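The values are calculated or read from the model by the stated rules, or taken from the named source; none is laboratory data. Since this is a predicted model, take the numbers as computed values, not measurements. Methodologically, a virtual Cβ is constructed for each residue, glycine included, from the backbone with ideal geometry; neighbour enumeration extends over all protein chains shown.
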Amino acid sequence: MEDKDDNRSSLKIREGVTQPPSVNPDVFTSGVRKRKKYSVNEYVKGIRDGDRAILSRAITLIESSLDEHKATARSIIEKCLPYSSRSVRIGITGVPGAGKSTFIETFGLYSVSMGRKVAVLAIDPSSQHSKGSILGDKTRMERLGNSPDAFIRPSPSAGTLGGVARKTRETIILCEAAGFDTIIVETVGVGQSETAVRSMVDFFLLLMLTGAGDEIQGIKRGIMEMADAIAINKADGENRLAAEKSRIMFQNVLSLFPSGQSGWKPLALTCSALDGSGIKEIWDLITGYADFTVNSGYFEELRRQQSVVRMHDVILDSLGSSFYGDDRIKALIPEIEKELGKGALTSYRAAEILLDKYFSK
């Protein structure tokens, strides 16, 4: 006869039956999901095969500041380099409220419809506390993100000068190796980041807005001089006429600037990211620019210049990592900062002390 207690609940497991673990021990260890570790060759193969998950993990490695990731990331980049430089790289910036993300989504979808594969590298401003992205551009480009021929990578600027992600150039190389032939780099906004973006793209588009007062005063002349084209967005509905007037004004301003090294004459156009008007014309302008610069030899010359800039950036980045990663410097910085706070040291003297300490190895 069975014990009474055995009949009180249908959930009671009889003696001798081992209860299964509540989680799969092969998947979780201490609450952390195990992820397969790829070799450099597996990363490169996955990228070349168009595996989005592996591409994303490789980009995360590149963005990592951990020493253990740097050697792997460097090897991945070097092995992907022979498969890069097969795209048109487009930098897009604009005044606040110009509708950059909406424009990029509409423009990206049009590019996809033309048989292109589009990668969008959206540089988000970073939280000063978490260093993570604030805006999350992927959520702002949902339709484009759902396209099998598009890849969107929001990257926190992580405090880099001007809001340009530290590893954007290397990310471009990986995206090109993955087969993306149209690379779009979106900046945080008008500011110092545009100089850095200009040094990594082939075509630089400045998005403007009409009906917002004196538009020219809202941007710096230097940024307009860098632009290969200006697009006045939101040229729809009752705003069409005002947008056309702004286009004429900007075209007149552009005509006053001397021609750049490429010999290209920048143009001003109107467009609407909402109804799609003017998007084809902008695409045709960019492809026309690419043909013009390829035929003149400037396209390859610009790419060579960008490689030199990339070399200097890597040197500065490596020196900075070495300096702030030095244990002696890390130990000395809090003391120096206290002295600065007391007014006992000037910023110049403080920097000099730290540098002397670093170079006295």
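Might you let me know whether region 261-273 holds any residue that is more than 18 Å from P96 (Cα to Cα), in a loop (DSSP other than H, G, I, E, B) and aromatic (F, W, Y)?
yes
Scanning region 77-95 for residues that are in contact (Cβ under 8 Å) with a residue 24 or more places away in the chain, more than 9 Å from E176 (Cβ to Cβ) and part of a helix (DSSP H, G or I) yields a total of 3. Here E63, E68 are screened, and the one residue that is over 19 Å from the mean Cα position of the chain (by Cα) and either surrounded by 18 or more Cβ atoms within 10 Å (Cβ to Cβ) or not hydrophobic (A, V, I, L, M, F, W, C) (or both) is E68. Just one residue in the set S262, S272, S296, S318 is buried (at least 16 other Cβ atoms within 10 Å of the Cβ) and without any contact (Cβ under 8 Å) to a residue 40 or more places away in the chain; that residue is S272. Considering (1) at pLDDT below 80; (2) on the phi < 0 side of the Ramachandran plot; (3) over 15 Å from the mean Cα position of the chain (by Cα), the lone condition that A178 does not fulfil carries the number (1).
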